[in-house]
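Following: one structure in C-alpha cells, then a few remarks.
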Amino acid sequence: MSNIRVLMIGDLVGPAGIKMFEKHIGSLKEKYKADAIIVNGENSADNGRGITPAIADHFFEMGVNVITTGNHIWAQKKIFPYIVSQPNLLRPANYPSKCPGSGSTIINIGAYKVAVVNLQGRVFMREQLDDPFKTIESLLQYLKHQTDIIFVDFHAETTAETAGIALFLDGQVSAVVGTHTHIQTADARVLPGGTAFMTDLGMGGSLNSMIGMKKDIMIHHLRTQMPVRFEVDLEPPYVMSGACIEVDTQTGQALSIEAIRVVDDQGLF
Ligand SMILES: [Fe+2]
Ligand SMILES: [Fe+2]
C-alpha cells in the first residue's frame, strides 16, 4: 500500500444524516477502496445540535477513524468529559486552550501515521477564536515531525476564508476541506503544491430541507426575525456528501480528490 484513500463526509444532520451514513457508508467504502473514514459529527445529535457520547461511539463502531466537529461541539453537555477521554473526537484547534478536548490527532492507517486537524473560521462566525492561520502554523511544527500525511477540516462560513487557509497550506498538508455551510461546492481539485482542496463537503440529511432543518420554521424565521426552535427534517429524499482523497504516502501529497454525493429517495424511518 503506497497510496491511501480517505473518505471525508460532511456534517451529518440528526437521525436523517446518521441513517444515510449507516445505509451507504459500507458501499462507499468498497467503491472507493477507502482505508479510513473521517466524518463531521457536529450536528449528529437528535436535535441537530452537537454530538452525544453514544452517537460518537456508534460512529467509531461503524468504522469511523476520526470525528471532526465545529461551532456546535458544546451543544450536548455529556460530550465535555467524553471528548477528554476520546482523542479521535476533535473540536476546532483554535478554540481557547482551556476548552476540553483537542483539535488534532494522529492515527495509524495500515503502516502509516496520519494526522487529522480540525479548525474553525472566524469570518461571520459568532465565536471569538484564535487566528486559525497561526494555530495551524504552530500545530504543523509538531505534526510534521510525526507525519507528512495531514487532513484538515476547516469549519467556516465564507468561501474566501476557506480558500485562504487551503492556499496558505498548499504543499504542507495532504488535504483541506471545508465544512459548516452544509452546501457542497463543485470546486474539488488538487492545488499546485499537492494539497487536495474542496470549499465545502456538503451535508447528510433531508435533501429538501434548509441545512438539514425543516424549511417552514426557517422560512418563518427569515421572514419575521422571530425566535424559533429549529427542528431536524426527517423527510425523504435524503443526501449524503463528501469526498474521496487519495494521498501518496511517501510525500504526503494528494494524487486526487473526487466529490461524493449520494441521493436516496427511499424512506429511512
Ligand atoms: Fe454543521
Ligand atoms: Fe457548523
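Readers should treat all values here as calculations from the given coordinates under stated rules, not as data from a laboratory. For clarity, every value in this text was computed on a predicted model and none was experimentally measured. So basically every Cβ, Gly included, is an ideal-geometry build from the backbone, and we count neighbours across all protein chains shown.
Tabulated results
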| quantity | calculated |
| --- | --- |
| Angstrom value of the Kirkwood radius, inverse mean 1/r, which spans all Cα pairs in the range 184-226 | 12.8 Å |
| Full-stretch length increase - Asn3, Ile107 - with 0.36 nm per residue and alpha-carbon distance subtracted | 35.9 nm |
| Where trypsin sites (Lys or Arg not before Pro) fall in DSSP loop in the range 126-159, at most 16 other Cβ within 10 Å | Arg126, Lys144 |
| Under-5 Å amide H pairs with Ser256, H placed in peptide plane, nonlocal only | Glu246 |
| Sparsely packed GluC sites (Glu not before Pro) within the range 127-183, loop by DSSP, other Cβ within 10 Å at most 15 | Glu127 |
| Neighbourhood charge, 15 Å Cβ-Cβ cut-off, centred on Glu157 and excluding it, Lys, Arg +1 and Asp, Glu -1 | -4 |
| Gyration tensor (Cα) of the range 126-255, equivalent ellipsoid semi-axes in angstrom | 33, 18, 11 |
| 15 Å Cα-Cα reach of Lys29 towards aspartates and glutamates, excluding residues that sit fewer than 8 places from it in its own chain | Glu61, Glu246, Glu258 |
| The range 206-265: proportion of alpha-carbon pairs further apart than 13 angstrom, % | 70 percent |
| DSSP-assigned coil residues among trypsin sites (Lys or Arg not before Pro) in the range 214-263, each with at most 13 further Cβ atoms within 10 Å | Arg229 |
| Label-point separation in nm, Asp187 to Thr224, each point 7 Å along Cα→Cβ | 3.7 nm |
| Separation in nanometres of the label points that stand 7 Å from Cα toward Cβ, at Glu231 and Ser256 | 4.4 nm |
| Of Lys33/Lys77; Lys19/Lys215; Lys23/Lys215; Lys33/Lys214; Lys33/Lys134, those spanning more than 28 Å from alpha-carbon to alpha-carbon | Lys33/Lys77; Lys33/Lys214; Lys33/Lys134 |
| Distance in nm between pseudo-label sites at Lys78 and Ala54 (7 Å out along the Cβ direction from Cα) | 0.5 nm |
| Percentage, to the nearest whole number, of Cα pairs in the range 3-264 over 27 Å apart | 30 percent |
| Charge dipole (debye, nearest 20) of the chain; +1 at Cβ of Lys and Arg, -1 at Cβ of Asp and Glu | 420 debye |
| q = 0.20 Å⁻¹, the range 72-129: log10 I(q)/I(0) [Debye, one scatterer per Cα] | -0.79 |
| Chain lengthening between Val123 and Lys215 when straightened (0.36 nm per residue, less Cα-Cα) | 30.6 nm |
